[in-house]
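Okay, so here's the structure we're looking at.
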Amino acid sequence: MSTKTKESSLKISKNKFKETILADYRLISEVRESGSQGRRDVLSGKGSFGIFGDGKELAQVAMAKVFRNGDFRAGYYRDQALMTAIGQYSPKHMFSALYGDPELEREPSSGSRQMMNHFGTRFLNDDGSWRNLMNQKNSTSDMACLASQFPRLVGLAQASQVYRDNPEIAKRNPGFTNKGNEIAFATIGNSSCAEGHFWEAVNAIGVLQVPAIISIWDDAYGISVSNEVQMTKSDVSTVLSGFQNDEKGAGYDIVKVKGWDYPSLVSAYEKAEKLAREKHIPSIIHVVEMTQPTGHSTSGSHERYKSKERLQWEQDFDCIKKFQEWIIESNIATANELDVIDKESIDTVKKQKKEAWTEYQSPIKSEWKELLEIFNSIDVKINIPEIADWIQDLNQSAMFGIFRRDFLSKARTLLGMIVNEDIPEKGTLRDFIKKINSENHERYNTKLYNNTSTSVHNVSEVKPTYDSNAEEVDGRIIIRDNFHHMFDAIPEAMIFGEDVGKIGGVNQGCEGLQDKFGETRVADTGIREATIIGQGIGLSLRGLKPIAEMQYLDYVIYGFQSMVDDISSLHYRTHGGQITPLIIRTRGHRLEGIWHSGSPMGMLLNGTRGMYLCVPRDMTRAAGFYNTLMQSNDPAMVIECLNGYRVKEKLPNNIGEFRVPLGKVETTKEGSDITLVTYGSTWRIVMDAANQLERSGISCEVIDTQTLVPFDLTHDISESVKKTNRLLVIDEDVPGGASAYILQNIIEEQDAYNYLDSEPQTLAAKAHRPPYGKDGDYFSKPSADDVFEKVYGMMNEVNPSKFPPLY
Ligand SMILES: Cc1ncc(C[n+]2csc(CCOP(=O)(O)OP(=O)(O)O)c2C)c(N)n1
């Protein structure tokens, strides 16, 4: 290829052309050098783990040329050159992350909550409001779980389509779009393409025809396992060829290009950009012949699994070497000029590395100095021989590199040793410990939830109100009418899932919605739970208000990975930099059969701390939660009662407006002998049992928790226990599932232990799945009879003469 062609493909003058090429060369050289200096830092113990982008740089620099403000990346840990080339990263950032510097100003992607080279840019201001994402190049926050960036890619790309097809919504959201021209760029390693998430997302994007550009960095291996084991025919684009656009229909433009061929890489990305930005046609760019010059990560050497021939080939086809050859052959620069750049890169990286280290260490060293003085002051008063050793050790560490835990742990040990001493220095030591703990609480333990003004806790409650002669309707009518009002009021509201569009949902909660609000906002999807959730994540990151519907709770597990790893950890892992205001709507608990009666609340609770979990007992409460959540930025799941759609409820006269607060329990029956705590479908059963128990002289107070996360923020349950002195938690999860969580909360967090006269108990379903049929249900899940007998048994223990044994 001649230089002329290359110049024209870059569409710039000769001087500018040279300048651009050498700037690209310098960037790559610096990225490579930071990788090798970073590797040495891990070997010497300054960092714990290193994973770098070496061997993948050239394609990334080509890609960066078409990455514009307002675009989004969903990628993985190899993208250092891309992130640097789009101006969001530097060698200094890399070192700050490698050392684990927790200060956001130096490690803005996560404040070192993430491992190094897990990238992300900031979407939110400190007050929780959105930044103008059109003025910056955006990267969603990476995850270590391979291919987990793919579900959200679907929504990131789809948002451009939503905005382009709905100019009035685009106009309302200038900080999120310019007429839907934005592209979602994804990157993935060749081996990760063996994951289901990859194929599901590729299919969904192909069906939706939305502007994604997927780059596959193919270095023939996934750690030690080669393409022969990873992929049919050892070649992902061969397998992907059925997705190629052709006369049979719309799919992708698929391009295979070599990772060391700069001009072809630049052309490939220019073409893909044009297709995506102008026509919303997605592309897959399979970048082959990439290398991994120093192996997968700092955890092991690639000489163990690559042949001598492969290692030699990797040296010969290293993208930097080939880039140099091309630059020299094309008379763009001489070998000497490139040498100079390489030498300068070493110096630049060294300088930034030093700055990163000094800035990371100096506040920690000052804290150590402060403690040293306290140690010395205690040492002169009390003879504790260990102090001298500690001081010596810690001084030595401080010369090299010191962690806060090193000295804080000693400080805490010392406090234990001098707790009985009457010296003022004890107070100074205590204050020091408290100060360090509180500062580090901010660094390491905050922002699991959003505490800014956009939090759901700032949405005020509006109670449902009723006409005196309010009609009794099927529960599903309340949900349906509420959605109609919501979609009228909130143009960004969207709902999608299996059978949601044309037929309005399997339980008719979305009846008529698509006819009224169109196929973009109310949509059927393929059967692909992981990417339905991913769609919601991506759309919500781009200013829309999606409700992602999982047809049944039992199938949420297909999308659970994204809920656990992405949604729930996002606000925490970005230190408040990103959030997904996504609502996951589903229905569950009791019906019939092994896969239509699931109530795996413990599983959800344990996996998804970081999002809210609403468990309404009826459709009025469910609608109220949707209305509340729509006003906030917080991600949540709402689980409607599968057996509640045909149960009659009074129709409120303020549909669309009433809001149920999260974290507030409702006492649905007052009583004095025992507190029964429950939620969801089990609530009706507990109420039935409570009424029956009343006839036997037992007065039950019934509390519906309404939400599991947050849980009873005002501790109303312990107030009830104060009165009744007895507690039974009832649900239909497995024993020790959500009931254990609830009990822990009431006993530990709310101190209800102090008010109990009887052992607190739980009544859950059997540990196995509920079998099919009415009897399967009766013999597996708690019935009103079971609740009656359990409560009666507890009262029998209290007063056997008044409540003789039943059996
Ligand atoms: C879901 C998941 N499985 C396994 C791993 C462990 N792991 C980390 S990197 C890696 C290999 C990835 O290879 P590839 O996709 O080709 O990307 P590369 O690192 O070669 O760029 C593996 C197996 C992981 N991080 N996530």
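Relative to the Cα centre, what is the charge dipole magnitude of the range 285-344, using +1 at the beta carbon of each Lys and Arg, -1 at the beta carbon of each Asp and Glu, and rounding to the nearest 20 debye? Don't skip to the answer; put the middle values down first.
Details: 7 positive and 12 negative charges, 75 e Å.
The calculated dipole for the range 285-344 is roughly 360 debye.
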Inset, instruction - Heavy atoms only, probe 1.4 Å: what % of the accessible area of the range 1-138 goes to carbon and sulfur, would you let me know? - result: 48 percent
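Using the beta-carbon distance between Asn799 and Asn754 and R0 = 25 Å, what value does 1/(1 + (r/R0)^6) give for FRET efficiency, to the nearest 0.05?
0.70
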Inset, instruction - Among the trypsin sites (Lys or Arg not before Pro) in the range 190-283, which ones are in a DSSP loop with at most 14 other Cβ atoms within 10 Å of the Cβ? Mind listing them? - result: Lys248
Inset, instruction - Would you mind pulling out the separation of the Cα centroids of the range 172-219 and the range 75-104, in Å? - result: 22 Å
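Identify the trypsin sites (Lys or Arg not before Pro) of the range 366-434 meeting these criteria: DSSP loop state and at most 12 other C-beta atoms within 10 Å of the C-beta.
Counting only loop positions with at most 12 other Cβ atoms within 10 Å, none of the trypsin sites (Lys or Arg not before Pro) in the range 366-434 qualifies.
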Legend entry - Centroid-to-centroid separation of the range 499-513 and the range 514-528 [C-alpha atoms, Å]: 9 Å
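My understanding is that a pair violates if its Cα-Cα distance is over 26 Å; which of Lys434/Lys722; Lys381/Lys435; Lys248/Lys279 do that in this structure? Can you show the working numbers first?
Working: Lys434/Lys722 33 Å; Lys381/Lys435 23 Å; Lys248/Lys279 18 Å.
Pairs exceeding the cut-off: Lys434/Lys722.
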Legend entry - Alpha-carbon Rg with Dmax, taken over the range 34-91, Å: 12.8, 40
Inset, instruction - Just need log10 I(q)/I(0) for the range 8-135 at q = 0.12, 0.20, 0.21 Å⁻¹, Debye formula, equal scatterers on the alpha-carbon atoms, no solvent, rounded to two decimals. - result: -0.50, -1.16, -1.23
Legend entry - Contour excess over end-to-end distance, with Cα ends at Ile346 and Ile490 and 0.36 nm allotted per residue: 46.5 nm
Inset, instruction - Mind grabbing the base-10 log of I(q)/I(0) for the range 551-611 at q = 0.19, 0.21 Å⁻¹? Debye formula, identical points on the C-alpha positions, no solvent, two decimal places. - result: -0.71, -0.82
Legend entry - Vicinal HN-Hα couplings computed from phi for the range 94-110 (Karplus, 6.51 cos²θ - 1.76 cosθ + 1.60; Hz; Gly/Pro x): 4, 5, 4, 5, 4, 6, x, 5, x, 7, 4, 5, 9, 10, x, 6, 7
Legend entry - Positive-end residue of Val349, Ile285, Ile328, charge dipole of the range 251-382 with Cβ unit charges: Ile285
Legend entry - Rounded to 10°, Cα long-axis angle of helix 424-444 versus longest principal axis of the chain: 80 degrees
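Return the inverse of the average 1/r over all pairs of distinct C-alpha atoms in the range 453-551, which is the Kirkwood hydrodynamic radius, in Å to one decimal. Each step should come with its number before you reach the end.
On the way: mean 1/r = 0.0680 Å⁻¹.
That comes to 14.7 Å for the range 453-551.
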Inset, instruction - Can you tell me the dipole magnitude for the chain around its Cα centre, using point charges on the Cβ only (Lys, Arg +1; Asp, Glu -1), in Debye to the nearest 20? - result: 1860 debye
Legend entry - MRE, 222 nm, helices only [DSSP H, n ≥ 4, -39500 (n - 2.57), over the chain, to nearest 500]: -13500 deg cm²/dmol
Inset, instruction - Give, in nm to one decimal, the length gained when the segment between Glu694 and Val473 is fully stretched (0.36 nm per residue of separation minus the Cα-Cα distance). - result: 76.7 nm
Inset, instruction - Tell me which residues come under 5 Å, amide H to amide H, from Gln551 once H is placed; ignore anything under 5 positions away on its chain. - result: Glu498
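Loop only per DSSP, at most 14 neighbouring Cβ atoms within 10 Å: give me the chymotrypsin sites (Phe, Trp or Tyr not before Pro) in the range 402-454, ordered by residue number.
On the way: sites: Phe403, Phe407, Phe432, Tyr444, Tyr449; in loops: Phe403, Tyr449.
Counting only loop positions with at most 14 other Cβ atoms within 10 Å, the chymotrypsin sites (Phe, Trp or Tyr not before Pro) in the range 402-454 are Phe403.
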Legend entry - Alpha-carbon centroids, the range 729-797 and the range 252-318: separation in whole Å: 56 Å
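Report the relative contact order of the range 336-472, percent, no decimals, based on alpha-carbon pairs under 8 angstrom and at least 6 residues apart. Please list the in-between numbers first.
Details: 37 pairs, mean separation 30.2, N = 137.
Averaging sequence separation for qualifying contacts and normalising by length gives 22 percent for the range 336-472.
Send over a whole-number figure in Å² for the accessible area per residue of the chain, probe 1.4 Å. Can you show the working numbers first?
Working: 31860 Å² over 807 residues.
I get 39 Å² per residue for this part.
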Inset, instruction - Evaluate Rg over Rh across the range 579-688, taking Cα atoms for both radii and Kirkwood's formula for Rh. - result: 0.96
Inset, instruction - Enumerate the calculated ³J(HN,Hα) couplings along the range 789-794 in order (Karplus 6.51 cos²θ - 1.76 cosθ + 1.60, θ = phi - 60°), each rounded to whole Hz, writing x wherever the residue is Gly or Pro. - result: 5, 5, 5, 4, x, 5
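Quote to one decimal, in nm, the extra length available between Ser307 and Ser234 on full extension: 0.36 nm per residue of separation minus the C-alpha distance between them.
Details: separation 73, 0.36 × 73 = 26.28 nm, distance 1.75 nm.
Result for the pair: 24.5 nm of gain on full extension.
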Legend entry - Intensity falloff of the chain expressed as log10 I(q)/I(0), Debye formula with alpha-carbon point scatterers, at q = 0.07, 0.08, 0.10, 0.11 Å⁻¹: -0.63, -0.80, -1.11, -1.23
Legend entry - With 5 Å bins from 0: P(r) over the range 641-746, alpha-carbon pairs, percent: 2, 11, 20, 23, 20, 13, 8, 2, 0
Inset, instruction - Using Cα pairs closer than 8 Å and at least 6 residues apart in sequence, work out the relative contact order for the range 278-394, in percent. - result: 14 percent
Legend entry - Relative contact order of the chain, pairs being alpha-carbon contacts under 8 Å that are 6 or more residues apart, as %: 11 percent
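The values are calculated or read from the model by the stated rules, or taken from the named source; none is laboratory data. Remember, it's a predicted structure, so these values are computed and weren't measured experimentally. All Cβ positions, even for glycine, are placed from backbone atoms using ideal geometry, and neighbour counts span all protein chains on display. Ligands, DNA and RNA are excluded from the accessible area calculation, which covers all protein heavy atoms including side chains. Shrake-Rupley method; radii C 1.70, N 1.55, O 1.52, S 1.80 Å.
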